1. If we keep just the residues of the range 208-219 that are more than 15 Å from the ligand (Cβ to nearest atom) and either open to solvent by less than 10 Å² (accessible area, probe 1.4 Å) or in contact with a helix residue (DSSP H, G or I) (Cβ under 8 Å, 6 or more places away or on another chain) (or both), which is modelled with the lowest pLDDT?
2. Here are some conditions: (1) outside any strand (DSSP E or B); (2) modelled with pLDDT of 95 or more; (3) not aromatic (F, W, Y). K227 meets all but one. Which one does it not meet?
3. Taking the criterion of being modelled with pLDDT of 95 or more, in contact with a strand residue (DSSP E or B) (Cβ under 9 Å, 6 or more places away or on another chain) and of a type in the set (S, T, N, Q), would at least one residue in the range 93-100 satisfy it?
4. With N189, N222, N258 as the choices, which residue is surrounded by 15 or more Cβ atoms within 10 Å (Cβ to Cβ) and closer than 19 Å to R6 by Cα?
5. If a residue must be charged (D, E, K, R) and touching a strand residue (DSSP E or B) at 6+ places or on another chain (Cβ under 8 Å), how many such residues does the range 164-191 contain?
6. Step by step: first the residues of the range 192-218, then only those that are in contact with a strand residue (DSSP E or B) (Cβ under 9 Å, 6 or more places away or on another chain) and in a helix (DSSP H, G or I), then the one that is nearest to T232 (Cα to Cα). Which residue is that?
7. Would you please list the contacts, defined by Cβ atoms under 7 Å and residues six or more apart or on different chains, that run from a residue in the range 154-166 that is closer than 17 Å to H207 by Cα to a residue that is of a type in the set (S, T, Y) and open to solvent by less than 70 Å² (accessible area, probe 1.4 Å)?
Amino acid sequence: MYTTLRKVTEKAEKLNFTVGSFNMHNLEMLPSMIMAAKEMGSPIIIQTSAGTAKYIGYGVIASVCKYMAEHESVDVVLHLDHAKDFQDIRDAIEAGYTSVMYDGSSLPFKENILRTQEVVNYAHARGVSVEGELGTIGGTEEGVFVKENEKVFTDPEAAKQFVEATGVDALAVAIGTNHGQYKSKTELNLPLLKKINETIDVPLVIHGGTGVKEEDIRQCTNYGVRKFNVGTELLVGWTKEAKRMFGQTKEDASLRNNILPCNDVVSTVIKHKIGIFLNLNAN
Ligand SMILES: [Zn+2]
């Protein structure tokens, strides 16, 4: 069914697994993303930046997700990633998104609380889930680069205060991951993640998941991570295959035959990740 972040993370909490949250970068790849989750028997969170949503249309994306969730019988959440502008949140919710992230992580602590509270009030009144963020995740997000020495890890006590004051449904934590990292792997601060999980009650979210070592993903799940974002790996995989395909076919060749293999790459990555996120050998 077409559902919310709150519902799928509740299910994940009960069964100790993580829900994969995958960035769609164009409309072409969306159906194969949802079919990959269906094949694995897992819920999926489809997330878009406000930029992608404006490029394709919030309502177009929501319609495809809703249609496929119902007709393919798979749990699909549609989530707006890293919104900093209230108007984007309103546009997404009005178009049918079931979850939004308000990213006030670059604001002073108190202002982050106040603005996140406003978003929570607005979203919850409409049955929509909210993810907040505390601390800074490295790398580039929507063109803004966070330098290594400007990264601030999430403080567990501040996280407790933030979650209690705002009522967010999930919290993105900064424990060393970087957006856009795909050529190397991250050293995660797993003891900090464990401490945060012991201190607060809400599902935790990892951003920059492409750079996380596979053996660390299982540990993240066991430490309360219920939403795990993967974006760059899909972007890079799709683009590489597109370059290869378009580089070798004639310009009047069927577009479909060039694009199908690109979507297949995305599908393969998603199925592989979900296989780890489901945490089947743990209890
Ligand atoms: Zn992010």
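1. Of the residues in the range 208-219, the ones more than 15 Å from the ligand (Cβ to nearest atom) are 213-219.
Next, only the ones that are either open to solvent by less than 10 Å² (accessible area, probe 1.4 Å) or in contact with a helix residue (DSSP H, G or I) (Cβ under 8 Å, 6 or more places away or on another chain) (or both) stay: 214, 216-219.
Details: E214: 90, D216: 95, I217: 95, R218: 94, Q219: 95.
Checking each candidate, the answer is E214.
2. Condition not satisfied by K227: (1).
3. For the range 93-100, residues modelled with pLDDT of 95 or more, in contact with a strand residue (DSSP E or B) (Cβ under 9 Å, 6 or more places away or on another chain) and of a type in the set (S, T, N, Q): present.
4. Details: N189 fails: closer than 19 Å to R6 by Cα; N258 fails: closer than 19 Å to R6 by Cα.
The conditions single out N222.
5. Of the residues in that region, 1 qualify.
6. Residues of the range 192-218 that are in contact with a strand residue (DSSP E or B) (Cβ under 9 Å, 6 or more places away or on another chain), as a first pass: 192-193, 196-197, 200, 202-212, 217.
Imposing the further condition that a residue be in a helix (DSSP H, G or I) reduces the set to 192-193, 196-197, 209-211, 217.
Numbers: L192: 25, L193: 23, I196: 26, N197: 26, G209: 9, T210: 6, G211: 9, I217: 16 Å.
Selected residue: T210.
7. A159/T199
Residue by residue, here is whether (1) closer than 30 Å to I276 by Cα; (2) of a type in the set (F, W, Y); (3) open to solvent by 10 Å² or more (accessible area, probe 1.4 Å) holds:
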| site | (1), (2), (3) |
| --- | --- |
| M33 | yes, no, no |
| K54 | no, no, yes |
| G57 | no, no, yes |
| Y67 | yes, yes, yes |
| H71 | yes, no, yes |
| H82 | yes, no, yes |
| F109 | no, yes, yes |
| Q117 | no, no, yes |
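The values are calculated or read from the model by the stated rules, or taken from the named source; none is laboratory data. These figures come from a predicted structure and were not determined experimentally. Cβ: placed from backbone, ideal geometry, glycine included. Neighbour counts: every protein chain shown. With ligands, DNA and RNA removed, areas are computed over all heavy atoms of the protein, side chains included. Shrake-Rupley method; radii C 1.70, N 1.55, O 1.52, S 1.80 Å.
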